[in-house]
1. Viscosity 1.306 mPa s, temperature 10 °C: what is the translational diffusion coefficient of the stretch 185-230 from Stokes-Einstein with a Kirkwood Rh over Cα pairs, rounded to a whole number of µm²/s?
2. Could you work out the relative contact order of the chain? I mean the mean sequence separation of Cα pairs under 8 Å and 6+ apart, divided by the number of residues, in percent.
3. Determine the distance separating the Cα centre of the stretch 62-109 from the Cα centre of the stretch 244-320; give it in Å without decimals.
4. Return 253, 226, 189, 295 ranked ascending by Cβ neighbour count within 10 Å, so the fewest neighbours appear first.
5. Please grab the % of Cα pairs in the stretch 232-319 that end up more than 16 Å from each other.
6. Can you give the angle from 0 to 90° between the axis of helix 208-219 and the longest principal axis of the chain, with both taken from C-alpha atoms, to the nearest 10?
7. How big is D, in µm² s⁻¹, for the stretch 1-112 by Stokes-Einstein at 4 °C and 1.567 mPa s if Rh is the Kirkwood radius over C-alpha pairs?
8. Rounded, prolate or oblate: which one fits the stretch 84-196, using the alpha carbon gyration tensor with axes a ≥ b ≥ c (rounded when a/c is under 1.5, else prolate when a/b beats b/c, else oblate)?
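Coordinate-derived values only; no laboratory data. Keep in mind that this is a model prediction, so the values were computed, not measured. Here the Cβ positions follow ideal geometry from the backbone for every residue, glycine too, while neighbour counts run over all protein chains shown.
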Amino acid sequence: MISRLEAFHYRCFDQLAIEMDAYHVLAGANGSGKSTLLDIPMLLGDMLSKGLLPALLETSSPAASARAQSLQELIHCHRGNYFSFAMEATLPESTVATLVERVPTSVQKDQQKWPHRLRYEVSLEVFNYTELHVTDEFLYIVPRRTTRPAMGWSINGRRPRTWKTILARTFGAPVDMHAEYHREKFVLRLRPQQLALANLPYDFHLFPASGWFKELLEEGVGARIRRYATAAAVLREGFERLGLRLVLPPALRSSSITSLWLPPGRTYAALHDALKARGFVIYEGQGRLAREIFRVANMGHLGREDFERFLAALGAVLGS
Ligand SMILES: Nc1ncnc2c1ncn2[C@@H]1O[C@H](COP(=O)(O)OP(=O)(O)OP(=O)(O)O)[C@@H](O)[C@H]1O
Ligand SMILES: [Mg+2]
């Protein structure tokens, strides 16, 4: 879920920072910037999938008009030559669970220190009126408890030590990329027109949170929810065929994760290990349900065949 948006020197916004919850009402006079604000996540998604200039200057369909006719239009009051965005998104529970397994024990013990959000920052410079260059780009994992100034962090500022840096880029320098709570580090050399986030590999082992975030941006929230809901329905039909019982009634179920009662005589550890040996990872319940339930997430680049293979593996493990 998108939890914060910031824009600097972009169109009608000199400096904008909005913190968002599950529901948010946006009210304002005509021309006050509502559409401009709501378009920011879509713009970032288009920049990732299509590239910077096509996202801003090309039309997406014959009926639509381009976001802008010229790059100068994008700069607040036409003063200066750069604009920036920051976007934060709250990580889904299953991604947090994956990350928590990797953090030091001192962090595991304190939920307030658990990975909670991703923060993406990007600064763009209009160059020679016709080109757009990425000057700064950062991606961080932010813990649940953190301090933040009221007007946002701007871009490329000093960050608390508790934030985990995934991407760091300053103008002209190669991009440093750190796998999420892993030792692996990479250095990328990119042209200034290329976004580092677009070049971050879709590797859900090394980059579970960043991969999730890229998908969120590229696909859009609505399309993502529909795809996950379809995936969850495929899994739940399969669970019923296997005689498994779901913990929650339909109205309370999420579209990204399913909680199931462990069948009598089965432990979570045995089920987890047998499935892991077949290439699948399930999650345990939390709190007092830890011994009674298991959870199955259906996020990421997964297709129908992956779910069918998982159901076949689960059937084989339960039948044995
Ligand atoms: N570079 C710029 N500098 C300053 N203001 C700009 C710039 N580019 C666009 N604007 C202003 O930004 C506003 C864009 O408003 P937007 O369309 O987002 O408003 P809205 O709240 O969605 O309005 P409506 O209720 O009519 O849909 C306009 O007032 C436009 O003049
Ligand atoms: Mg509008």
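1. Values: Rh = 12.0 Å.
So the translational diffusion coefficient is about 132 µm²/s.
2. On the way: 509 pairs, mean separation 41.5, N = 320.
Answer for the chain is 13 percent.
3. So the two Cα centres are separated by 31 Å.
4. The fewest-first ordering by Cβ neighbours comes to 189, 226, 253, 295.
5. On the way: 1904 of 3828 pairs.
Of the Cα pairs, 50 percent sit more than 16 Å apart.
6. 60
7. On the way: Rh = 16.5 Å.
The diffusion coefficient I find is 78 µm²/s.
8. Values: a/c = 2.62, a/b = 1.74, b/c = 1.50.
Prolate, since a/c reaches 1.5 and a/b exceeds b/c.
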